[in-house]
Amino acid sequence: MRGKNSGKSRSKGKERAGERAPKPQQPQPQGKDLLFILDIGTRSVIGVAGRLRDEMLEVLCVDWAEHSERAVVDGQIEDIQQTAKVAGQVRSRMEKKLGVSFQEVHVAAAGRVLKTEHASCELEMDENRPIAEKELAALESMAVQKAYQNLAAGLAEGEPADFSSVGHTVAGYTLDGYSYSTLSGHRGKKAGIDLIATFLPSEVVESLYTTMSMLGLTIASMTLEPIAAMNAVVPKELRLLNIALVDVGAGTSDIAVADKGTICGYTMATVAGDEVTERVMQEFLVDFGTAERMKFALSAGEETIEYDDVLGFPYAVSREELTQRIETTVRDLAERIAQGILSINETAPKAVFMVGGGSRTPGLCQMVAQALGIEDNKVAIGGNNYMKRQIIADPQYLSAEYATPIGIAVTAMTAGNGENFAVSLNGSRLQLLGRAMTVMEALRRGGYQYGQIMGRSGKNVVFELDGNRQIARGGLPTLAEIRVNGSLAGLSTLLQAGDEIAFVPALDGQDAAPVVGDYASPWEPFGVELFGHPAKAGTRAWVNGSPAGGDRPIRQMDQVTVKQIDTIGALLESMGFGGQEGEVALNGVPCTGPDQRLHPGDRVTLRQGQTPPAPIQEEGEEPEEEPPPAEVTAEAPQEDWEAEDAPELPEEEPIPEAPPARPAGRSLRVVLNGRARELPPKEDGSRYQFFDLLNFVDIDPNDARGELILRRNGGKAAYLDLLTEGDEAEIRWSEETI
């Protein structure tokens, strides 16, 4: 920033000299070599940007911001919009510092409900060529999916089964029965893998994806927070030892255990730094922010800590007294951490590394050692010693507080930016989530809306024509095109790691745009002379009681009347002289009857000796080419009419038009949003699936009214559910009624 005052005077001088001020530089794209990381924590959001340099992570920029509200609880995002707001602030500042624009982000997940499963599987290999990374990724993908199946099979009755993988580690490989630490480059007939996978409820994972999507960011990779911290603090050579790592955050304490060269277990405790903060609040009658500052002052080693209580009175407390008054809570936290370690390790580990902001709580390391029954010096703060071996950064970032965000970057760097355990959607990477992902799920995760996937028929226009109900139907959508690895695929096609999806979105059908002339064939108005006055004959039309031309648009609920005034009888009737055909002459010749035809320019007069009356002037007479009238503004009735977009009820009055030829197959009767529907046979003869019903409801993703409710026969529906005769389905926004 070059001073505001000097900037003003210089700009004037440049204008006098005829010079132009330099244009602000446009931010550069992120690029493949630049990693952007966001660590969404309970108390704050930390951003890290770095790149690979000499096989080490060079940290280029770090930024952070605290949540102003409790947007994240126990590691899980509760308020998506508030979390996105804070994360967006961190991102914007980092982009400005680096002069780049981020498109991809690497994240880590945590949460209250963490489930871990072991799984093993084997895959036939081509022994004539070496095993490549693609085969290893496919092997890992199969094993993680098997772990998910094991998880689902072990859930209690009624327990939700919708979980997503948030991290896995390989315990070992086999090739033709022999053990290996890696199979890359080896040859053999049958490769095997043993891994441990961790799962969180899909809502936890989806909240991360939704938050990043609100920022316009694509998640390039996702890992588990304790895996990230382990990768930063405990190098692979130390994992031959039985070592535990504990990341003590604000809401949770995440635990990982390594042994025999690999990470062999993860868990978490739903107690962490917030419990200590809340104890300070109760002991000293202070608000949350003041309690946090007191706790940090204690961790920083201040001997006397000053504060104001909620009544505004100033106090001071010594380090010893504050430590003593929170000791019970700290000991409870230590015991819960020890229980978590023992639940996945069975015996006490050889050593424990403590990281995270809460790890510096006075006495915590010693109490964890006591709870595990190991020596006090075997539990220590992790950080600088091993982080500096693989990370180039300012010393302040080589510390326990930054172990998780730095570890996310290290994990992304060593995993090749997640390319091996992902699929490609139109060139963008999507990480697999450990269960069998379909094309439909990949498209939704890639940000495509329902209308882009299935397409919508154009809106219908419902109106009355001469007292009969009519529907002008919108056009059919142009179907989406889906290819996986170059071959045509469907929405239910299962994906494997490395698959490439090419997707061309569907195009909505054109909205119906009927005009009056469409319903009078042919449209041939002409003029005649009646009793010495000009009159309109031929095709005549009225919309909502007013005369209308042939190009008058027909809108929802319009009442259209069309008449062919092509005889003397019809002309006299329309002008108020019905039944007087015997008293008139046509072009000087007595009329022969009411059915005598009219032609353009005909003159209708009274017979000799009679006084010609003046024809009745039509009210609201409009010119033939009148401008279209204003739209009907009755909103509520229009919604009722537009609700007829879907196929008609069997008992409704048939539309007076030739029905289209029905394709081979059978129709299907269902109840959709409380109304009976008969779905016509599908052109390809395939069965209806739940997502097909989206074509028969008015769901606009750009006008969301709450959460989208998808139910079938009283239970939660999946898009790929097959429909059967008599199914009851519900598709609506949670904030609207049916």
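Couple of notes before you dig in:
- Carbon + sulfur, % of accessible area of the chain - ligands and nucleic acids excluded, 1.4 Å: 49 percent
- In this view, the solvent-accessible surface of Trp64, computed with a 1.4 Å probe and all protein chains in place, comes to about 130 Å².
- Net lengthening on full extension, Arg319/Glu127 (0.36 nm per residue, minus Cα-Cα): 62.4 nm
- Residue ranking by accessible heavy-atom surface, 1.4 Å probe, largest first, among Arg597, Arg429, Arg336, Arg53 comes out as Arg597, Arg53, Arg336, Arg429.
- The alpha carbons of region 347-503 occupy a box of 93, 40, 37 Å along the principal axes, longest dimension given first.
- Applying 1/(1 + (r/R0)^6) with r as the Cβ-Cβ distance of Ala153 and Lys378 and R0 = 22 angstrom yields a FRET efficiency of 0.05.
- A simple spin-label model places pseudo-atoms 7 Å from Cα toward Cβ; at Glu735 and Arg70 they are separated by 2.4 nm.
- For the chain, the solvent-accessible area of protein heavy atoms averages 50 Å² per residue (probe radius 1.4 Å; ligands and nucleic acids excluded).
- Rounded to the nearest 0.05, the FRET efficiency derived from the C-beta distance between Gln449 and Ala718 at R0 = 22 Å is 0.75.
- DSSP beta bridges in region 74-229 [antiparallel fraction, %, rounded to 5]: 80 percent
- Pairs of alpha carbons in region 116-160 whose separation is greater than 13 Å (percent): 61 percent
- Accessible surface ranking for Arg677, Arg43, 1.4 angstrom probe, highest first: Arg43, Arg677.
- Cβ-defined net charge surrounding Leu98, 13 Å radius [Lys, Arg +1; Asp, Glu -1]: +1
- Loop-resident trypsin sites (Lys or Arg not before Pro) (DSSP state other than H, G, I, E or B) in region 703-734 with no more than 15 further Cβ atoms inside 10 Å of their Cβ: Arg705.
- Relative to its Kirkwood radius, the Cα radius of gyration of region 196-349 gives an Rg/Rh of 1.06.
- With the whole protein complex present, Lys85 retains an accessible surface near 120 Å², based on a 1.4 Å probe.
- Estimated at 0.36 nm per residue, the fully extended path between Ser120 and Glu464 surpasses their Cα-Cα distance by 117.2 nm.
- For the chain, the C-alpha radius of gyration divided by 2.2 N^0.38 Å, with N the number of residues, is 1.38.
- Under 10 Å, Cβ to Cβ, from Pro27 - net charge with Lys/Arg +1 and Asp/Glu -1: 0
The values are calculated or read from the model by the stated rules, or taken from the named source; none is laboratory data. All values reported here derive from a predicted model rather than from experimental measurement. Cβ atoms come from the backbone with ideal geometry, glycine included; neighbour counts cover every protein chain shown. Just the protein is used for accessible areas: all its heavy atoms, side chains included, with ligands, DNA and RNA removed. Shrake-Rupley method; radii C 1.70, N 1.55, O 1.52, S 1.80 Å.
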